[in-house]
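Pasting in a structure now, in structure tokens, and then I'll have a few things to ask.
The values are calculated or read from the model by the stated rules, or taken from the named source; none is laboratory data. What you see is a predicted model; the values in this text were computed from it and never measured. Positions of Cβ are generated from backbone atoms using ideal geometry, with glycine treated the same way; all protein chains shown enter the neighbour counts. Quick note on the areas: whole protein, heavy atoms, side chains included, nothing else; ligands and nucleic acids left out. Shrake-Rupley method; radii C 1.70, N 1.55, O 1.52, S 1.80 Å.
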Amino acid sequence: MEKKLFQVGLIRVLTSDDPHFVDMHGQIIMDHFPGIQVESRCIPDQWEGIHSHELELIAVPKIVELAKTFQDKDMIIVSCADDPGVAEIREALPHMSVTGGGETTVALAGKYGEKIGLLGITDYAPRAYRKLPKDRLVAVEKPEGVNSTLDLMTDEGRKNCVACARKIKDMGADVIALGCTGLTTIGIAKLLEQEVGLPVIDPVLAEGLFAFFESIRK
């Protein structure tokens with residue numbers, strides 16, 4: 001008998017009218033991890049995503065409401081490195097497996113290095129990173145001129161990401177964690193590894209890996 005696909009509901013926190021863009025993270029997960037089916041939806045009226053505490057406060061109720069529409073799934077992923085709404089979804093849907101791009105990336109980064117450098121789009125570390133011992137998080141940096149996910153989608157944004165990764169290495173990091181799932185959208189992890197010579201943890205692949213583990217332990 002053919003095994004039933006593991007059903008994941010994925011929440012994008014950046015609003016878009018482009019179905020290809022909305023489905024991109026889910027498609028990456030399905031391309032890399034067998035047996036997983038992802039349905040992706042985005043929250044409304046969040047056209048710049050979440051790049052401040054103020055925007056997060058606005059977004060979290062939308063994220064929770066969207067999560068409730070995924071109650072027929074085996075797992076919910078909030079595809080954002082700050083894990084907005086993850087705790088609230090767990091409270092609202094206590095029997096649902098829930099994770100986000102931050103906690104999965106931090107966990108995976110710990111396998112590849114002791115000194116983690118965070119490359120994101122905010123001046124502050126996402127909540128999962130703030131739980132790390134101070135001597136393990138050696139850098140929290142964002143590329144010059146990058147203030148939202150949209151700024152990453154330019155040639156200048158990519159160039160500045162590489163410069164930022166080099167700076168993080170110089171600060172003593174032995175692994176780089178990408179602190180924004182928008183960095184997955186521009187597919188920069190492999191480029192950074194080639195340019196800087198450190199392992200780079202992609203948050204969407206980290207989400208997918210945890211979903212795959214959840215699927216095989218069921």
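Can you give the accessible area per residue of segment 10-166, in Å², using a 1.4 Å probe?
47
Using the Cα gyration tensor of the chain, with a ≥ b ≥ c the square roots of its eigenvalues, what is the shape: rounded (a/c below 1.5), prolate (a/b larger than b/c) or oblate (neither)? Display every interim value, and only then the final one.
Details: a/c = 1.61, a/b = 1.41, b/c = 1.14.
Prolate, since a/c reaches 1.5 and a/b exceeds b/c.
Rounded if a/c is under 1.5, else prolate if a/b beats b/c, else oblate: with a ≥ b ≥ c from the C-alpha gyration tensor eigenvalues square-rooted, which is segment 1-44?
Details: a/c = 3.27, a/b = 2.28, b/c = 1.43.
Prolate.
Would you mind checking which residues have amide H under 5 Å from residue 140's amide H? H placed 1.01 Å from N; only 5 or more apart, or other chain.
Answer set, sorted by chain and number: 118.
Which peptide among 65-71, 38-44 comes first, and what is the full order, when sorted by highest mean count of other Cβ atoms within 10 Å?
On the way: 65-71: 16.9, 38-44: 19.0.
So the peptides 65-71, 38-44, ranked by packing, come out 38-44, 65-71.
Under the classification rounded if a/c is under 1.5, otherwise prolate if a/b is larger than b/c and oblate if not, where does segment 63-130 fall, given a ≥ b ≥ c as square roots of the Cα gyration tensor eigenvalues?
Details: a/c = 2.95, a/b = 1.95, b/c = 1.51.
Because a/c hits 1.5 or more and a/b exceeds b/c, segment 63-130 counts as prolate.
Given Cα pairs under 8 Å that are at least 6 residues apart, what percent is the relative contact order of the chain?
21
Can you list residues whose amide H is under 5 Å from residue 179's amide H, if they're 5+ apart or on another chain and H is modeled 1.01 Å from N?
Result for residue 179 returns 119, 120.
Continuing with the same structure: Work out from phi, with θ = phi - 60° and the Karplus expression 6.51 cos²θ - 1.76 cosθ + 1.60, the ³J(HN,Hα) of each residue of segment 51-60, listed in order in whole Hz, and give x for Gly and Pro.
9, 7, 5, 5, 5, 5, 4, 6, 7, 4
Mind ranking 47-58, 130-141 by how tightly packed they are, going by the mean number of other C-beta atoms within 10 angstrom, highest first? Working shown, then result.
Numbers: 47-58: 16.2, 130-141: 14.5.
Ranking the peptides 47-58, 130-141 by packing returns 47-58, 130-141.
Okay, next question. Please tell me which of these pairs span more than 26 angstrom C-alpha to C-alpha: 169/190; 134/167; 115/190; 115/159; 68/134; 111/142? Before the final figure, lay out each step's value.
Values: 169/190 16 Å; 134/167 19 Å; 115/190 20 Å; 115/159 24 Å; 68/134 36 Å; 111/142 23 Å.
Distance filter (> 26 Å) returns 68/134.
Search the structure for amide H atoms under 5 Å from the amide H of residue 10, placed 1.01 Å from N in the peptide plane, and list their residues when 5 or more places away or on another chain.
Counting only residues 5 or more places away or on other chains, the set is 39, 40, 41, 77.
From the phi of every residue in segment 14-23, what ³J(HN,Hα) in whole Hz does the Karplus formula 6.51 cos²θ - 1.76 cosθ + 1.60 yield, where θ is phi - 60° and glycine or proline is x?
Once θ is set to phi - 60°, the couplings for segment 14-23 become 10, 6, 8, 8, 9, x, 4, 5, 4, 7 Hz.
Could you look at the chain and say what percent of its accessible area is carbon and sulfur, using a 1.4 Å probe and all protein chains? Intermediate values should be presented prior to the final figure.
Details: 5530 of 10380 Å².
After summing per-atom areas, the C and S share lands at 53 percent.
Roughly how many Å is it from the Cα centre of segment 132-159 to that of segment 160-185, as a whole number?
Between the Cα centre of segment 132-159 and that of segment 160-185, the gap is 6 Å.
Still on this model: Set the Förster distance to 30 Å, then compute FRET efficiency between residue 124 and residue 194 from the Cβ-Cβ distance, nearest 0.05. The partial results should precede the final answer.
Details: r = 28 Å, r/R0 = 0.95.
The formula returns an efficiency of 0.60 here.
Need the full-extension length gain, residue 32 to residue 153, defined as separation in residues times 0.36 nm minus the C-alpha distance. One decimal, nm. Numbers along the way, then the final one.
Numbers: separation 121, 0.36 × 121 = 43.56 nm, distance 2.31 nm.
Extending this stretch completely gives an extra 41.3 nm.
Round to the nearest 0.05 the FRET efficiency obtained for residue 91 and residue 53 when R0 = 30 Å and r is the Cβ-Cβ distance. Before the final figure, lay out the partial values.
Values: r = 20 Å, r/R0 = 0.66.
E between residue 91 and residue 53, to the nearest 0.05, is 0.90.
Applying 1/(1 + (r/R0)^6) with R0 = 45 Å to the Cβ-Cβ distance of residue 41 and residue 174, what FRET efficiency is obtained, to the nearest 0.05?
Step by step, r from the Cβ atoms, then E = 0.75.
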